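K.L.:
I am attaching a structure below and will ask some questions about it afterwards.
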Amino acid sequence: MIGTMDMTKGRIAPQLIRFGVPLMLSSVLQLLYSLCDSLVVGRLIGVEAFAAVGAASLLSWLPMSMLLGMSHGFGVTMSQRFGAGDDAGLRWAAGLSAGMGLLLAMLMSGVGIVFLPQMLAAMRTPAEMLEPETQYLKVIFLGLGLFILYNVAASLLRAAGDSRTPLAALIVSTLLNIALDYILVAFAGMGVSGVALATVLAQLVSLLVCLVRLRLRPLKTPQTEIAGMSPGAIARQLLKLGMPPMLRDGVIAVGGLFVQSVVNGFGVAFVAGMTAARRYFSMMEMAGGALEGALATFVGQNAGAGNVDRVHSGTHTAVLLGLISSALTATVAAVFAHPLIALLVAESNAEVVRVGVIALRLTALFLPSLYLLCLYRASLQSMGDALVPMLSGFAEMALRIACVVALPPFIGASAAYFAALHGKLG
């Protein structure tokens, strides 16, 4: 059975790599979710549906990013309780995280469905994209509860040093998602709603795999002499560390939606090209996301154990690894931009391919800055500083909005590229 990892002692770089590799593979599988959806929609339904799902994904990312940010904040508390050897505190943190997360997810589901027409109108959604976007988003919003419960369960496992079980969960759910995508679209004729339903069902399977792991082998914390925390103190810490990243990621998502509202005004082909580039930009972020997750757990455990010097050493090691991996990833993306974009959309859609290639190459330029932002933000947050990472989200939103408001009169559609770029400097 897969075990946990005590990161409060031992060699730092091997621990970060060992913990980070399953996280990166998890990101690969999550990208396969997205690419599979894109391939099914783009090839079997059409460019309009492809653009609609891409635009809808940004809108659905608003509540999902907020829930994900909150679960990451909750994970800091859980990793600190694990590092401190506080068994009871770890259980309380997990239970309270699941309860608060589910309550917020249910509220977001209701608000999202009720105000969906107004949100689509505010984003200036083209008429031909309204119906498929509505179908897709209703299903995704209904599945937000499963989304947060899986992420809380995965955060609990990662807080204890187990990054392999979430990977195993994603392997199973990705295979299911790929199969369901094709079955529900090609055979059941459900269109984009079938793609969304496949995603929700896959999230359910991911949750079940994590719960089975926790049931069969409960987590055991290392032995320490550090006193535990009361349930009330844990609840306060969960709110202190969970709310700022939730607000930060929500603000970043709002900035993305503002940019998308401008992108929508440039037509379906431009939307489709930006959507294709965004799919690959997720791939470019994978190594950085893996290092971010590994560093967050490393810093959380060592902060809980009071190992300040080890926190600093781990952060420096992660930054060095991040700079190397970001440079390599950006180079590959820039060189192979054209065939990568053409894989998602037919070569005959020349304008879609052109837009996607430009967007992918430009965003690659700022990949190292994004990696550094994520790593330093993870280190600060895992030490208990939620304010500075939250302010970085506000800076990102401000830069994005400034680009799409000020630049279009001078450079037209190219303003969307710069909005995506400069937002990463937040």
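K.L.:
Mind checking the per residue accessible area of region 269-384 for me, 1.4 Å probe, whole number of Å²? Please report the intermediate quantities before stating the final value.
P.N.:
Details: 4280 Å² over 116 residues.
For region 269-384, the per-residue accessible area is 37 Å².
K.L.:
Here is a further query. With a 1.4 Å probe and all protein chains left in place, how much of the accessible area of region 305-381 comes from carbon and sulfur atoms, in whole percent? Write down the numbers at each step before the final one.
P.N.:
Details: 2550 of 3490 Å².
C and S fraction of accessible area: 73 percent.
K.L.:
Return the sequence-ordered ³J(HN,Hα) values of region 114-119 in whole Hz as given by the Karplus equation 6.51 cos²θ - 1.76 cosθ + 1.60 applied to θ = phi - 60°, using x for Gly and Pro.
P.N.:
For region 114-119, the Karplus curve yields 5, 9, 4, x, 5, 5 Hz.
K.L.:
Counting alpha carbon pairs within less than 8 Å and at least 6 residues apart, what relative contact order, in whole percent, applies to region 78-190? Please list the in-between numbers first.
P.N.:
Values: 57 pairs, mean separation 40.3, N = 113.
So the answer I get is 36 percent.
K.L.:
Given a 10 angstrom Cα cut-off, can you work out which residue in Q381, Q203, Q135 is the most mobile in a GNM of the chain?
P.N.:
Q135
K.L.:
Right, next: Can you tell me what percent of all Cα-Cα pairs in region 74-202 are more than 24 Å apart? It would help to have the intermediate numbers written out before the result.
P.N.:
Details: 3728 of 8256 pairs.
Roughly 45 percent, rounded to a whole number.
K.L.:
I'd like the carbon and sulfur percentage of the solvent accessible area for region 29-173, probe radius 1.4 Å, heavy atoms only, ligands and nucleic acids excluded. Intermediate values should be presented prior to the final figure.
P.N.:
On the way: 3520 of 4980 Å².
Summing carbon and sulfur atoms, their accessible area is 71 percent of the total for region 29-173.
K.L.:
I would also like to ask the following. Return the single residue from R279, R217, R164 with maximal mean-square fluctuation; model: Gaussian network over the chain, springs between Cα atoms under 10 Å.
P.N.:
Looking only at R279, R217, R164, the largest GNM fluctuation is found for R217.
K.L.:
Now, a different point. I want to verify the translational diffusion coefficient of the chain in µm²/s; compute it with Stokes-Einstein, Rh as the Kirkwood radius over Cα pairs, at 20 °C and 1.002 mPa s.
P.N.:
Details: Rh = 21.7 Å.
This corresponds to a translational diffusion coefficient of 99 µm²/s.
K.L.:
Would you calculate the separation in nanometres between label points at V332 and H316, each defined as 7 Å from the Cα along the Cα-to-beta-carbon direction?
P.N.:
2.9
K.L.:
While we're here: What ratio of Cα Rg to 2.2 N^0.38 Å holds for region 293-337?
P.N.:
Details: Rg = 14.5 Å, N = 45, 2.2 N^0.38 = 9.3 Å.
For region 293-337, the normalised Cα radius of gyration comes out at 1.55.
K.L.:
Read phi for every residue in region 86-103 and hand back ³J(HN,Hα) as whole Hz from Karplus 6.51 cos²θ - 1.76 cosθ + 1.60, θ = phi - 60°, with x for Gly and Pro.
P.N.:
These are the phi-based 3J(HN,Hα) values: 9, 4, 5, x, 5, 5, 4, 4, 5, x, 5, 4, 5, x, 5, x, 5, 4 Hz.
K.L.:
If you take the square roots of the eigenvalues of the alpha-carbon gyration tensor of region 299-375 and sort them as a ≥ b ≥ c, do you get rounded (a/c under 1.5), prolate (a/b over b/c) or oblate?
P.N.:
Numbers: a/c = 4.42, a/b = 3.47, b/c = 1.27.
Prolate shape, in that a/c is at least 1.5 and a/b is the bigger ratio.
K.L.:
With label points built 7 Å along Cα→Cβ from the Cα atoms of S230 and A186, find their separation and express it in nm.
P.N.:
Taking the simple label geometry, S230 and A186 are separated by 6.0 nm.
K.L.:
If you take the square roots of the eigenvalues of the alpha-carbon gyration tensor of region 142-290 and sort them as a ≥ b ≥ c, do you get rounded (a/c under 1.5), prolate (a/b over b/c) or oblate?
P.N.:
Details: a/c = 2.41, a/b = 1.47, b/c = 1.64.
Taking the square roots of the gyration eigenvalues as a ≥ b ≥ c, region 142-290 is oblate.
K.L.:
Follow-up question, since we're still on this one. Out of residues 5 or more away from M229 or on other chains, whose amide H comes under 5 Å of its own, with H placed 1.01 Å from N in the peptide plane?
P.N.:
Hits under the 5 Å cutoff: G89.
K.L.:
Also: Applying the Karplus parametrisation 6.51 cos²θ - 1.76 cosθ + 1.60 with θ = phi - 60° to the phi angles of region 154-168, what ³J(HN,Hα) value in whole Hz is obtained for each residue in order, glycine and proline being reported as x?
P.N.:
Running phi through 6.51 cos²θ - 1.76 cosθ + 1.60 with θ = phi - 60° gives 5, 5, 4, 5, 5, 4, 8, x, 9, 9, 7, 5, x, 5, 4 Hz.
K.L.:
Within the accessible area of region 202-295, what % is carbon and sulfur when the probe is 1.4 Å and the other protein chains stay in place? Don't jump to the answer; show the numbers that get you there.
P.N.:
Values: 2490 of 3820 Å².
About 65 percent, which is the carbon plus sulfur part of the accessible surface.
K.L.:
Further question: Write down the accessible area per residue of region 53-189 in Å², having rolled a 1.4 Å probe over the full set of protein chains. If you can, show how the numbers build up before the last one.
P.N.:
Values: 4980 Å² over 137 residues.
That works out to 36 Å² for each residue.
K.L.:
From the square roots a ≥ b ≥ c of the eigenvalues of the alpha-carbon gyration tensor of region 226-347, which class results: rounded (a/c under 1.5), prolate (a/b over b/c), or oblate? List each step's numbers first, then the result.
P.N.:
Numbers: a/c = 4.02, a/b = 1.69, b/c = 2.38.
Taking the square roots of the gyration eigenvalues as a ≥ b ≥ c, region 226-347 is oblate.
The values are calculated or read from the model by the stated rules, or taken from the named source; none is laboratory data. Remember, predicted model here, so these are calculated numbers, not experimental data. A quick note on method: Cβ atoms are made from the backbone with ideal geometry, for glycine too, and the neighbour counts reach across all protein chains shown. What goes into the accessible areas is simple: the full protein's heavy atoms, side chains included, and nothing from ligands, DNA or RNA. Shrake-Rupley method; radii C 1.70, N 1.55, O 1.52, S 1.80 Å.
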